[in-house]
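The values are calculated or read from the model by the stated rules, or taken from the named source; none is laboratory data. This one's a predicted model, so the numbers in the text were calculated from it and none came from an experiment. Note: ideal-geometry Cβ built from the backbone for every residue, glycine included; neighbour counts use all protein chains shown. Each accessible area value is taken on the protein alone, full model and side chains, heavy atoms only, with ligands, DNA and RNA left out. Shrake-Rupley method; radii C 1.70, N 1.55, O 1.52, S 1.80 Å.
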Amino acid sequence: MIEVRGRWALVTGAARGIGYGAARCLAEQGCNLILHGRTAAHCEKIASEARALGVQVYTAGAEFSDPAQVEEMLREIDGLGVDVDIVLNNAGLQVTYRTAFLTTPAEDYTTSFQINTIAPMMITYHFLPKMEARGFGRIVNTTSGIRLEPEQAGYSASKAALDKVTMDLASKYNGTDVCINLTDPGWCRTDLGGPKAPNAPENSLPGVIVGAFINDRRSGRCFAAGDFYGMTLAEAVHKAETEIPVYTGTIGL
């Protein structure tokens, strides 16, 4: 298990829900944080809590539906002059649940792909060369296990696309100390998951952050939070390194 104390992590969607919990857990391990929300102000609560734990914190705002705002956020982060070693691409959007799924409009796809696929990959592509040059990095992109629900076509398709490009990219880094993997938080009671979801957001931990702590130079796996419920972080990392195989099929339709 790697030591993250003093390193820097970017957590998108950190203002609430799963991203909030992930950011707090990283801070508890001594990791400095760059916290993204739709506005920087949205992240002030978690930023305050993280600073109280003794880590450095910056906040950044960007609407992921607008590529120009993503690019501006990345320029802002570059201007901080810190090395981002860990990226948790947690932010996402479920546009709606369409009972009349045969009326699904094109906008469901374009909006979903921009936020759930294109924005996280813009971030991934931005930081990978820097990680490769330093010989270290961890990128964890967030997927979804939703399947067989055409009512959520835009969302599920955008996550399937993210799975595909993440795993294809991961194949180029497997065996290096730049590790690219997926995590599936499960269906949680967040703004995205809704109040009827069976799992509390905190149940996604430590599964959603385990990819930041692995130390086995393996890329191309999906760390499903349900596999790690109730474990300590150290136990979760050991399980991730010894039991979770590199995935070769299709993840999360």
Give the residues of the range 28-52 that are assigned to a loop (DSSP other than H, G, I, E, B) and either open to solvent by less than 30 Å² (accessible area, probe 1.4 Å) or under 18 Å from D85 (Cβ atoms) (or both), sorted by residue number. Q29, G30, C31
With the requirement that a residue be among the polar types (S, T, N, Q) and either without any contact (Cβ under 8 Å) to a residue 12 or more places away in the chain or touching a Lys or Arg at 6+ places or on another chain (Cβ under 7 Å) (or both), what does the range 33-52 give you? S48
Can you tell me which of (1) modelled with pLDDT of 95 or more; (2) open to solvent by 40 Å² or more (accessible area, probe 1.4 Å); (3) basic (K, R) is the one R138 doesn't meet? (2)
Taking S144 as the residue in question, decide whether it is under 21 Å from A224 (Cα atoms) and either at pLDDT 95 or above or surrounded by fewer than 18 Cβ atoms within 10 Å (Cβ to Cβ) (or both). no
Would you be able to tell me the number of residues in the range 1-17 that are in contact with a Cys (Cβ under 6 Å, 6 or more places away or on another chain), open to solvent by 10 Å² or more (accessible area, probe 1.4 Å) and in contact (Cβ under 8 Å) with a residue 40 or more places away in the chain? 1
Considering the range 99-131 alone, what residues qualify as being in contact with an Asp or Glu (Cβ under 9 Å, 6 or more places away or on another chain) and open to solvent by 70 Å² or more (accessible area, probe 1.4 Å)? T99, F101, K130
